[in-house]
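The values are calculated or read from the model by the stated rules, or taken from the named source; none is laboratory data. Since the structure is predicted, the reported quantities are computational estimates derived from the model, not experimental observations. FYI the Cβ positions are ideal-geometry reconstructions off the backbone, even for glycines, and counts take in every protein chain you see. What goes into the accessible areas is simple: the full protein's heavy atoms, side chains included, and nothing from ligands, DNA or RNA. Shrake-Rupley method; radii C 1.70, N 1.55, O 1.52, S 1.80 Å.
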Amino acid sequence: MFKNSLKIAWRNLLRDRQFTLLNLVGLSIGLACTFLIYLWINHEISMDNFQDDGLYEVMQNVPLGDKTLMTIESTPDVLAKALKDEVPGIADAVTFKTPGYDEETCIISDGGSKSFEATEAFATENLFRLFAFKMVYGDGSKALANRAGILLSDRLAKKLFNSPDKAIGKTITWYEGLGKKINGAYLVSGVFAAPPANSSRQFDVLFPHQRYLATATQDINWNSSDPGTYITLKKGVSAEQINQRIKNFIRKKTGDTVWSGTLFLQRFKDGYLHNHFENGVPAGGRIAYVKLFSIVAVFLLVIACINFMNLSTAKASVRLKEVGIKKVVGAGRGLLIVQYLGESVLMALIAMVTAAAFVAVLVPYFESLTGANLMASFDPKIIGVILLITVITGLLAGSYPALYLSGFKPALILKGTLNLSGGGTTIRKGLVVFQFCVSAILIISVLVVYRQMQFIQARDLGYNKENVISFKNEGNIQQNLHAFVTEMKNIPGVVNVSDLEGDLFGNHSGGSGIDWPGKKGNIEFSGLYVDFDFLQTLGLQMKEGRAFSSVIPIDSTAVIFNETAIRQMGLTNPLGKTVKLWGSKNTIIGVVKDFHYESLYKNIGPLFISFRKNNESIITRISPGAEKATIAKIASLYHKYNHGLPFEYKFFDEDYHALYAAEERATVLSEWFAGIAILISCLGLFGLSAFIIQRRRKEISIRKVVGASVSHLATLLSADFLKLILVAFLVAVPLSWLALDRWLQTFAYHVTIDVKTFLVPGAAIMLITIITISFQTIKGAFANPVNSLRSE
């Protein structure tokens, strides 16, 4: 029986090749998109899954000047030890500083000819007790307890010494980002396994945290926040209990019960996906994109299934006699349902093979778009999930046709008195409306997201980001920065040069340890440390006062605030007044006009700009029109100082675009998925219009005989479809408006949704529909009525 049913199913697929092709293409595209999205979702939800469930990160809610809360991952350096010693229920705690606004990368050398750029991290000795990172050689705890020790990843150790085991006991040279060269002071006392691809914490070199504190003594206090603090709990103790005990821990240490930060725990494994907070409350993060594209995948698959349903039910008249005869000779409804479901599952399996071929071709492009190594976590479980998705798709696509076809009464079929209009037609219309409603929502969303991205790129940031490049202050340049900058300024095409710590894209220092005359409460400041000519290089505008000057000695202890900071501090006539930055006296020499130093998700906050020489990044403005030649000359000068090191630079506008990488990826993916949704819907509409026009051929012929014109008939045949599309669009408008308005509210600065937002997609969908069905409607209108009426 199974073999016979399979043979019949195969013959039915071959009998109507147009029907089969339309279904196969629609299902294949839907499955291919679903498989790609599933691979990406699997990558996202697998991040940090190798870590223990009992590992928590201590988060901090910091009050801002406008009485809102900002949630940050950084905490005081002294927090971990204090929590472990003083809070009951905490089993262990570690201070772990992973790549941030400074020390993101360093130069590691074997002391000879081999030098590599590496990502560095700092940790206290109990790191390997809490995190699931593995040691390959040596004792991690002993190595991190020794201030003169260093640990390398097996990947970096192999590069430097050809084999990880040969690295133990060797001396390395570290060029750090603080302007100092530490040569011959570090012995490799351990080698750890490089963090896996699904780790959110990636690093190549691990230093004892005491090494960092030796060069950043200003961070050893309760008013400074820099590294991360991670803890494990004792058995039987809950995170909620610890939250109550640590909430006001920093406030008790500082004595400030209003402006100091409050603490809470977040499960470490949740941090990658749930990384966005609004006013101290979890508000999504990457998980929002996981949910969004999960919904998109489901909708694309459902749209493809709807095609199968519509075409199968519309084609029911062709299979009526088959159903009637099978029932007469004893086939029950259950057997027919199994047969028709088998046909749809067979179609889905064939589509799966085609979809797999699509995926194999598209994976490299999809990986470059998402920035994820999708095939790194490919395993048999994924194959099982793909097969399950395929079978469910086949059953879903064939469910309604199977129930519809198997429900016909054989007597009515064989007498020719069966009426196929009514419920089936209504359901088909509803499915078409659903298809195009989803497509319209996707198209409207793409348009709004695109407008917001254009708005972001075109917004006046308060400085000129064009034709500015940045690169690391590293290697021998650190010891000869003044000479290097002097030579750079003599290069034709170089307009100005400066250096800064961090960047203008959210990576910067900050804190509340600032005192000023008349201070009434703490304010959480962002901070930039810059050298001479910084404001001039970026074109920042002064509201009052002046920029830093190399000819005025007092500027080594000077500070500049932005307008928002001065306003929130309540200072009038601020120039010349003395403030304390973490105990150090500084004189206000200027007020810079507000500019965006973070993403447009955030309002401009209070900012101080402090003078510091020899910072991490060198920024250079170059003249437009000769960028390549100028950069080539800068690279030549760089190699003069750092022979053998690669010259790696970025344009400021590229870094700015990177702030919205997730949104831009979502935009591109949405464009593709919206186009695919329309394509699949139109494939179904094309087939459906062909079958409906075939059923109405006698009506069309009679109308032509009594004088109907071709244009009248084409309009008549198109009207029903256009009505359905109009209904779909009217349903899509309020749904898309609600979702997009909510998304736009996450930006402090955003576009508005107006009538044009909906008119353009509406007109586009109508035009696409007309083009899709025009071939069939015009073909039906031009058909010779004699061919349809000769048998009457």
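Let me cross-check ASP85: its accessible surface, 1.4 Å probe, with only protein heavy atoms counted, in Å² to the nearest 10?
ASP85 exposes around 100 Å² with every protein chain in place.
Once you order the gyration tensor axes a ≥ b ≥ c over the Cα atoms, which shape class does the range 502-544 get: rounded for a/c under 1.5, otherwise prolate or oblate by comparing a/b with b/c? Let's see the in-between values first.
On the way: a/c = 2.75, a/b = 1.58, b/c = 1.74.
Oblate.
Given the Cα-Cα distance of ILE778 and VAL727 and 0.36 nm per residue of separation, how much length would full extension add, in nm? Before the final figure, lay out each step's value.
Values: separation 51, 0.36 × 51 = 18.36 nm, distance 2.37 nm.
Here the answer is 16.0 nm.
Toward the positive end of the charge dipole of the range 17-174, about the Cα centre and with charges on Cβ (Lys, Arg +1; Asp, Glu -1), which of ILE90, ALA132, TYR56 goes farthest?
Sorting the options by dipole projection puts first ALA132.
Distance from the Cα centre of the range 17-69 to that of the range 351-372, in angstrom?
Computed from Cα coordinates, the inter-centre distance equals 16 Å.
Can you give me the solvent accessible area of ARG211 with a 1.4 Å probe, rounded to the nearest 10 Å²?
20
Take the alpha-carbon centre of the range 665-732, take the same for the range 486-538, and report the distance between them in whole Å.
Answer, in whole Å: 60.
Amide H of ALA748: which non-local residues (sequence gap of 5 or more, or other chain) have their own amide H closer than 5 Å, using H built in the peptide plane?
For ALA748, whose amide H was placed from the backbone, the distant partners under 5 Å are TYR601, LYS602.
Once you sort the root eigenvalues of the Cα gyration tensor of the range 430-589 as a ≥ b ≥ c, which label holds: rounded (a/c under 1.5), prolate (a/b larger than b/c) or oblate (the other case)?
Details: a/c = 2.80, a/b = 1.56, b/c = 1.79.
Oblate, since a/c reaches 1.5 and b/c is not below a/b.
Let me spell out the model: positive unit charges on the Cβ of Lys and Arg, negative unit charges on the Cβ of Asp and Glu, origin at the Cα centre of the range 605-738. What dipole size does that give, in debye rounded to 20?
Working: 15 positive and 11 negative charges, 125 e Å.
That gives the range 605-738 a dipole magnitude of about 600 debye.
Run a plain Debye calculation on the range 551-703 (Cα atoms as equal point scatterers, no solvent) and give log10 I(q)/I(0) at q = 0.13, 0.20 Å⁻¹, rounded to two decimals, same order as the q list.
Each listed q corresponds, in turn, to -0.95, -1.23.
Taking 4 °C and 1.567 mPa s as the conditions, I'd like the Stokes-Einstein D for the range 623-742 in µm²/s, using the Kirkwood hydrodynamic radius from alpha carbon pairs.
On the way: Rh = 21.0 Å.
The diffusion coefficient I find is 62 µm²/s.
Decide, for the range 182-310, between rounded, prolate and oblate: order the square roots of the alpha carbon gyration tensor eigenvalues as a ≥ b ≥ c, take rounded if a/c falls under 1.5, and otherwise choose prolate if a/b is larger than b/c, else oblate. The partial results should precede the final answer.
Working: a/c = 2.74, a/b = 1.54, b/c = 1.78.
It is oblate, given that a/c is not under 1.5 and a/b is not larger than b/c.
Return the whole-Å distance between the Cα centroid of the range 561-626 and the Cα centroid of the range 257-278.
Centre-to-centre (Cα) distance: 27 Å.
Got a sec to turn the phi values of the range 697-702 into Karplus ³J(HN,Hα) couplings, 6.51 cos²θ - 1.76 cosθ + 1.60 with θ = phi - 60°, whole Hz, x for Gly and Pro?
Karplus values, whole Hz, x for Gly and Pro: 4, 5, 4, 4, 5, 4.
Of LEU528, GLY518, VAL494, which is farthest towards the positive pole of the range 489-597's charge dipole, taken about the Cα centre with +1 and -1 on the beta-carbons of Lys, Arg and Asp, Glu respectively?
Among LEU528, GLY518, VAL494, the one farthest towards the positive end of the dipole of the range 489-597 is GLY518.
Per residue and in cubic angstrom, what volume does the convex hull of the Cα atoms of the range 225-269 have?
Numbers: hull volume 4.2 nm³, N = 45.
Taking only Cα atoms, the range 225-269 has a hull volume of 93 Å³ per residue.
How do 557-565, 591-599 rank on mean C-beta neighbours within 10 Å, highest first? If you can, show how the numbers build up before the last one.
Numbers: 557-565: 22.1, 591-599: 19.1.
Listed from highest to lowest mean packing, they are 557-565, 591-599.
Mind checking the dipole of the range 679-767: about its Cα centre, +1 per Lys or Arg Cβ, -1 per Asp or Glu Cβ, Debye to the nearest 20? Mind showing how you got there, number by number?
Numbers: 9 positive and 4 negative charges, 112 e Å.
Rounded to the nearest 20 debye, it is 540 debye.
Sorted by mean Cβ packing within 10 Å, highest first, what order do the peptides 363-374, 487-498 take? Numbers along the way, then the final one.
Details: 363-374: 15.0, 487-498: 16.9.
In descending order of packing, they fall as 487-498, 363-374.
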